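The values are calculated or read from the model by the stated rules, or taken from the named source; none is laboratory data. Quantities reported herein were computed from a predicted structural model and do not represent experimental measurements. Reconstructed Cβ throughout: ideal geometry from the backbone, glycine too, with neighbour counts over all protein chains shown. Ligands, DNA and RNA are stripped out before the accessible areas are found, and what is left, the full protein with its side chains, is counted by its heavy atoms. Shrake-Rupley method; radii C 1.70, N 1.55, O 1.52, S 1.80 Å.
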Amino acid sequence: MSTGSPSRLDRLLSLSLATAALMLSAAVVKRVFIDDVVVPPPTTQQLIAVERDDWNAALTHSVPWSGRGKQSALVVLFDVECPYCREFHAGLKLLQREYGERLSVSLLHFPLRMHPSARVGARVLECATASGQQLHLLDSIYASQDSLAKVNWSLLAARVGVDTSSGFDACVQSPASAVRVDSGVAIGRRIGATGTPTVLLNGHRLALPPSVEELRTIIDSALDR
């Protein structure tokens, strides 16, 4: 075996191996620090089964948007002061029109503690039940969401046709207006809801708030079964 200085061939081989190692490292860096961050893989929505009693309670205590007895039932836990709920509400309108008689939609109160006006807003909606204007009132509340701390609730309700001339303010303060609100909160906690909007479909809770497109895909899958 020669003990002299490395041959030219040995030097070229070493250089080639070093270059290959650098190229491999660059590929790994690109995959980990570029591909995985800039273009993340798509996520899959997880559907979590809820107890039958809790699902039935959610249907019973929610505010109906469209009639019961459809092919699929959607219940959305919402908070009037939640900006994500406001955006999601607009998407729900599209879906309700799109699916019509095939999908029932209802809203379940789930005011969050971090939102100081959420609970009183929920009670205002409950006091509009007799007028049949709850959904119009909700639209108006969402439109005023940035100033709910200063809003005149009676005036807001009157603008959408709610009769506020006889005991409306007293209703908002009455324990009766809190019954369905408290029920919604209790149901939400039992099924593991931690924020809004939380979406239930046919007895299952979606693990994450879906986009409208994602929810449409899930509803289509449910209707095809």
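Rundown of residues vs (1) closer than 16 Å to V76 by Cβ; (2) free of Cβ contacts under 8 Å to residues at least 12 places away in the same chain; (3) of a type outside the set (K, R); (4) open to solvent by less than 20 Å² (accessible area, probe 1.4 Å), yes/no style:
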| position | (1), (2), (3), (4) |
| --- | --- |
| D146 | no, yes, yes, no |
| V162 | no, no, yes, yes |
| S183 | yes, no, yes, no |
| T194 | yes, yes, yes, no |
| T198 | yes, no, yes, yes |
| L208 | yes, no, yes, no |
| L215 | yes, no, yes, yes |
| I219 | yes, no, yes, yes |
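Going residue by residue through the range 167-179, is there one that turns out to be touching a residue at least 12 places away in the same chain (Cβ under 8 Å), open to solvent by 50 Å² or more (accessible area, probe 1.4 Å) and touching a strand residue (DSSP E or B) at 6+ places or on another chain (Cβ under 9 Å)?
Within the range 167-179, none of the residues are touching a residue at least 12 places away in the same chain (Cβ under 8 Å), open to solvent by 50 Å² or more (accessible area, probe 1.4 Å) and touching a strand residue (DSSP E or B) at 6+ places or on another chain (Cβ under 9 Å).
Yes or no, residue by residue, for (1) open to solvent by 50 Å² or more (accessible area, probe 1.4 Å); (2) in a helix (DSSP H, G or I); (3) closer than 18 Å to A178 by Cα; (4) of a type in the set (S, T, N, Q):
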| site | (1), (2), (3), (4) |
| --- | --- |
| V76 | no, no, no, no |
| Y84 | yes, yes, no, no |
| E87 | yes, yes, no, no |
| L92 | no, yes, no, no |
| L95 | no, yes, no, no |
| V105 | no, no, no, no |
| R113 | yes, no, yes, no |
| P116 | yes, no, yes, no |
| A122 | no, yes, yes, no |
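Six or more apart or on different chains, Cβ under 8 Å: which pairs go from a residue in the range 119-132 that's of a type in the set (A, V, I, L, M, F, W, C) to one that's open to solvent by 50 Å² or more (accessible area, probe 1.4 Å)? Could you list them?
So the pair list comes out as A130/D163.
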